[in-house]
Amino acid sequence: MAQKKGLRSSSSDDPEELARVPLQAVLLADSFATKFRPITLERPKVLLPLVNAPMIDYTLAWLESVGVEEAFVLCCAHSQQVKDYLNKSQWMKQQGTFAVQPIESRDSISAGDALRAIYNFGVIRGDFVLVSGDTVSNMSLKEALQEHKERRKKDPLAVMTMVIKQSKPSSLTHQTRLGNDEILMAIDPDTKELLYYEDKTDQSQRFITLDKMLLANTPTLHLHNDKQDCYIDICSPEVLSLFTDNFDYQHLRRHFVKGLLVDDLMGYKIFTHEIHSSYAARIDNFRSYDTISKDIIQRWAYPMVPDVQYFGSCSQMKLDRLGIYKAPEVNQSRTAQIRAFSLVGNGTTIGDHSEISNSVIGQGCTIGRNVSIQGSYIWDNVIIEDDCKLSHALVCDGVHLRAGVVLEPGVILSFKVEVGQKIVIPAYSKVSLLPQPSKQDSDEELEYADANSGVVESPSITSIVNTRNVDPVPDSSDAEHSDTSEVGISGVGYIWLTSEGGHEEEWRHSIAPIPAEKLMEFFLSAHADLEVSNQDVNSLPASGELQVDSESTGFDDGEDYRDSADFEKEVEATFHRALAGVNQDNVILEINSLRLSYNMSHADCAGSLFYSIMRSALAFPHSCNRELLLNTGKELGRWKDLLKHYLKTIDEEIEVLLKFEEMCLETAKEFAPLFSAILNHLYEKDILSEDAILSWAEEKEGADESDKIFVKQSEQFLKWLREASEDEDE
């Protein structure tokens with residue numbers, strides 16, 4: 001075929017020439033899904049702001065950081081918007097080793113179509129990285145690339161390496177915290193070959209069906225439902241050929257991966273590469289949008305954080321204590337408060353007595369007086385008038401909320417929607433200037449929209465909505481308008497009907513926290529499943545079917561299956577949500593689920609939670625030991641009840657003391673001079689008992705001198721405890 005203008009052909013077969021092929025990447029700038037509707041009817045998903053920067057910038061920044069030299073951005077839905085953005089961005093203007101080339105394929109309605117289009121353009125000349133434009137990562141590709149190339153030398157049928165990682169587990173919901181469907185993988189532990197993949201498992205089924213030949217041909221098989229598919233793949237050029245030869249391959253996982261795994265004739269193989277300390281995640285739905293936004297703000301994705309200039313679209317951000325980011329030109333009233341893990345963009349004004357917590361505010365926003373914004377995402381140029389309350393909502397560019405509006409958890413307001421005074425938008429509602437399509441496309445189908453323009457004409461003020469979904473706040477002055485068919489008085493927009501499953505399904509993928517009743521429901525279910533699984537251990541299949549190795553259960557028992565460091569990080573992340581205002585009962589439920597998932601004890605929970613509380617005290621500004629001691633006392637008093645929930649026995653109290661010693665020696669040495677004073681405080685506040693403190697000291701009697709540092713520092717306090725105990729006995 002003729003060579004396309006501006007693109008390179010793959011005509012050379014010279015070995016030396018092929019060896020000089022640069023590392024290439026294919027970035028899919030379309031998710032081929034409808035989960036972000038109604039927003040994506042007007043703007044492509046990859047251009048939606050994630051912590052005030054377009055999603056695609058995170059993906060391109062990562063590709064550049066791992067040494068990719070040529071990135072081909074395949075533009076499908078809203079292709080002109082994507083091309084216009086790239087042409088104006090620094091990615092196309094920079095001089096260096098990283099070249100970005102947009103490729104338009106407006107007819108592609110699936111990932112399969114997109115890869116067939118890439119094949120027809122003839123730009124891929126060797127192994128390439130395949131990634132979606134909604135991916136955030138800071139991992140290094142060096143090791144995964146090396147493994148892939150070494151396999152290819154030994155076995156040309158090894159066509160793909162998938163990057164996976166330990167998921168953020170929740171035994172309550174049987175899902176990752178990203179809100180994705182549970183993925184079940186079967187992996188050969190020796191070769192890391194992927195043997196089975198299922199991403200639509202039925203939550204109601206306790207058993208799966210595996211092919212007998214698979215079990216017969218594989219000596220050892222590890223089944224995992226705790227791995228997260230990062231949707232980062234290293235592919236050989238044959239992958240494109242396979243899509244071209246099989247037009248029924250549409251979805252990357254459900255069709256292509258599963259198709260290769262069951263194809264015995266061709267014999268192609270897929271392998272996995274697991275990352276551990278690095279970050280990688282894909283924004284698949286509103287819940288994952290919320291989770292990944294919080295991960296970025298809490299710096300899990302470093303250097304992909306707001307205050308690091310890793311791409312040109314970020315304005316200079318300043319990081320303050322408690323994870324608060326502010327742009328230079330923010331006009332904040334003295335009585336307004338910005339609380340933990342929040343970000344406020346340039347040119348935003350915040351009025352008197354307003355409060356923002358655990359939220360992201362875009363640029364050029366106007367926030368009135370007495371406004372409460374919690375766990376929400378406000379994009380650019382939004383006007384929020386006085387006395388509005390927003391809880392776990394997403395508000396797009398140009399929205400206008402008039403005085404007294406209430407957005408309940410899970411509400412999505414698309415571009416330029418207007419909501420009239422004192423209107424309550426019910427939980428999980430979606431409001432748009434566009435009427436809801438009569439036919440809902442499947443997740444694999446293209447988000448149909450006018451590819452030539454992202455501008456949509458506003459409907460008239462009398463746009464029809466479902467009046468049952470709009471409840472004005474009771475007010476005598478508005479009584480005559482209680483039956484309005486608009487989004488409030490002077491409101492503009494359509495309220496979309498919920499999905500077929502109604503609110504019973506909406507909560508799964510919403511940015512709103514999982515309701516407490518759902519957490520309890522799954523918590524009880526998890527215990528029931530655990531009892532069933534324990535009963536079934538001794539009723540294994542007869543000979544000829546799946547057998548259990550006498551030295552290993554096949555679930556990584558030989559390794560440190562649940563890393564205690566990861567558990568500690570998960571507990572700290574959960575505690576951060578408590579700092580942001582999440583109910584303590586929900587925090588306890590989540591920590592309990594982590595304990596079950598990581599197979600930890602209550603003592604581990606107590607130690608990790610104490611560590612998180614002390615770290616929060618350290619985050620407060622202090623110029624001397626006295627101020628640090630005061631901060632610590634306040635934080636321990638604030639979270640005393642939460643901590644004592646896990647201090648049921650002396651062993652658990654001793655674990656807290658051991659964790660405190662470890663912190664003073666390694667991770668938080670600022671506490672070392674204050675050990676005795678804080679120990680006294682823990683006793684006075686009835687957090688640690690006299691018996692636990694004295695038992696800790698007795699256990700240290702035969703230890704080395706280096707292990708007695710804090711016992712000696714606390715000698716006077718321990719002496720007082722012993723004398724008080726003797727007086728009580730007498």
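Can you confirm whether the stretch 604-626 contains a residue that is assigned by TED's automatic domain parsing to the domain that holds Asn586, surrounded by fewer than 20 Cβ atoms within 10 Å (Cβ to Cβ), touching a residue at least 24 places away in the same chain (Cβ under 8 Å) and of a type in the set (Lys, Arg)?
yes
Keeping to the stretch 51-62, report how many residues are in contact with a helix residue (DSSP H, G or I) (Cβ under 8 Å, 6 or more places away or on another chain) and in a loop (DSSP other than H, G, I, E, B).
Within the stretch 51-62, residues that are in contact with a helix residue (DSSP H, G or I) (Cβ under 8 Å, 6 or more places away or on another chain) and in a loop (DSSP other than H, G, I, E, B) number 1.
Which condition number does Val360 fail, the rest of (1) surrounded by 16 or more Cβ atoms within 10 Å (Cβ to Cβ); (2) farther than 29 Å from Phe32 by Cβ; (3) modelled with pLDDT of 90 or more being met?
So the condition that Val360 fails would be (2).
Any idea which of Lys258, Lys294, Lys269 is surrounded by fewer than 22 Cβ atoms within 10 Å (Cβ to Cβ), of a type in the set (D, E, K, R) and within 30 Å of Ser391 (Cα to Cα)?
Lys294
Failed condition for Leu413, given (1) surrounded by fewer than 22 Cβ atoms within 10 Å (Cβ to Cβ); (2) under 19 Å from Phe286 (Cα atoms), with all others met?
Answer for Leu413: the failing condition is (1).
Could you tell me whether the stretch 98-117 includes any residue that is within 25 Å of Ile296 (Cβ to Cβ) and either without any contact (Cβ under 8 Å) to a residue 60 or more places away in the chain or among the hydrophobic types (A, V, I, L, M, F, W, C) (or both)?
Yes, some residue in the stretch 98-117 is within 25 Å of Ile296 (Cβ to Cβ) and either without any contact (Cβ under 8 Å) to a residue 60 or more places away in the chain or among the hydrophobic types (A, V, I, L, M, F, W, C) (or both).
Here's the yes/no breakdown for (1) at pLDDT 85 or above; (2) within 17 Å of Gln228 (Cα to Cα); (3) out of contact with any His (no Cβ under 7 Å at 6 or more places or on another chain):
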| site | (1), (2), (3) |
| --- | --- |
| Leu115 | no, no, yes |
| Val136 | yes, yes, yes |
| Met139 | yes, yes, yes |
| His148 | yes, no, yes |
| Lys153 | yes, no, yes |
| Thr161 | yes, yes, no |
| Ser167 | no, yes, yes |
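Got a sec? Which helices (runs of 4 or more DSSP H) wholly within the stretch 175-275 have at least 1 residues that are modelled with pLDDT of 75 or more, out of contact with any His (no Cβ under 9 Å at 6 or more places or on another chain) and outside the structural domain of Lys154 (by TED's automatic domain parsing)?
Per the criteria, no element qualifies.
Can you name every one of the helices (runs of 4 or more DSSP H) wholly within the stretch 659-719 that holds 3 or more residues which are within 15 Å of Ile613 (Cα to Cα) and either touching a Leu at 6+ places or on another chain (Cβ under 6 Å) or small (Gly, Ala, Ser) (or both)? Step through it out loud before you land on a result.
On the way: elements: 675-684, 690-699, 709-713.
Filter on the stretch 659-719 gives an empty set.
Residues checked against (1) of a type in the set (S, T, N, Q); (2) under 25 Å from Thr574 (Cβ atoms); (3) surrounded by fewer than 20 Cβ atoms within 10 Å (Cβ to Cβ):
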site: Lys634; (1), (2), (3): no, yes, yes
site: Trp639; (1), (2), (3): no, yes, no
site: Ile654; (1), (2), (3): no, yes, no
site: Cys664; (1), (2), (3): no, yes, no
site: Lys669; (1), (2), (3): no, no, yes
site: Ala692; (1), (2), (3): no, yes, no
site: Ser695; (1), (2), (3): yes, no, yes
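Would you check if Val51 is in contact with a Pro (Cβ under 7 Å, 6 or more places away or on another chain) and under 19 Å from Phe32 (Cα atoms)? It would help to see each step written out before you state the result.
Details: in contact with a Pro (Cβ under 7 Å, 6 or more places away or on another chain): yes; under 19 Å from Phe32 (Cα atoms): no.
No.
Can you find even one residue in the stretch 15-25 that is modelled with pLDDT under 80 and surrounded by 14 or more Cβ atoms within 10 Å (Cβ to Cβ)?
Yes, that holds for at least one residue.
Counting just the residues of the stretch 618-634 that are touching an Asp or Glu at 6+ places or on another chain (Cβ under 9 Å) and modelled with pLDDT under 85, which one comes out farthest from Asp320 (Cα to Cα)?
Filtering first and then ranking leaves Asn625.
Can you say whether Ser442 is modelled with pLDDT under 75, part of a loop (DSSP other than H, G, I, E, B) and either closer than 21 Å to Thr291 by Cα or more than 30 Å from the chain's Cα centre (by Cα) (or both), as far as the supplied structure shows?
no
Does Tyr289 fit the bill of being under 16 Å from the mean Cα position of the chain (by Cα) and touching a residue at least 60 places away in the same chain (Cβ under 8 Å)? Even if it seems obvious, please write down each step before you answer.
Details: under 16 Å from the mean Cα position of the chain (by Cα): yes; touching a residue at least 60 places away in the same chain (Cβ under 8 Å): yes.
So Tyr289 passes the test.
Identify all residues within the stretch 554-576 that are small (Gly, Ala, Ser), surrounded by 14 or more Cβ atoms within 10 Å (Cβ to Cβ) and modelled with pLDDT of 70 or more; write none if there are none.
If the condition is that a residue be small (Gly, Ala, Ser), surrounded by 14 or more Cβ atoms within 10 Å (Cβ to Cβ) and modelled with pLDDT of 70 or more, then Ala573 is the only one that fits.
With respect to Val131, is the statement that it is closer than 25 Å to Leu48 by Cα, assigned by TED's automatic domain parsing to the domain that holds Glu274 and either of a type outside the set (Asp, Glu) or in contact (Cβ under 8 Å) with a residue 40 or more places away in the chain (or both) true?
For Val131, the condition - closer than 25 Å to Leu48 by Cα, assigned by TED's automatic domain parsing to the domain that holds Glu274 and either of a type outside the set (Asp, Glu) or in contact (Cβ under 8 Å) with a residue 40 or more places away in the chain (or both) - is met.
How many residues does the stretch 63-121 hold that are part of a helix (DSSP H, G or I) and either acidic (Asp, Glu) or touching a Gly at 6+ places or on another chain (Cβ under 6 Å) (or both)? Explain how you work it out, then say what you get.
Going residue by residue through the stretch 63-121, those that are part of a helix (DSSP H, G or I) are 63-65, 79-88, 90-93, 111-121.
Then keep just the ones that are either acidic (Asp, Glu) or touching a Gly at 6+ places or on another chain (Cβ under 6 Å) (or both); that gives 64, 81, 84, 90, 113.
The qualifying residues number 5.
The values are calculated or read from the model by the stated rules, or taken from the named source; none is laboratory data. Note that the structure is predicted; figures quoted are calculated from it, not measured. For neighbour counting, all protein chains shown are included, and Cβ atoms are generated from backbone atoms with ideal geometry for every residue, glycine included.
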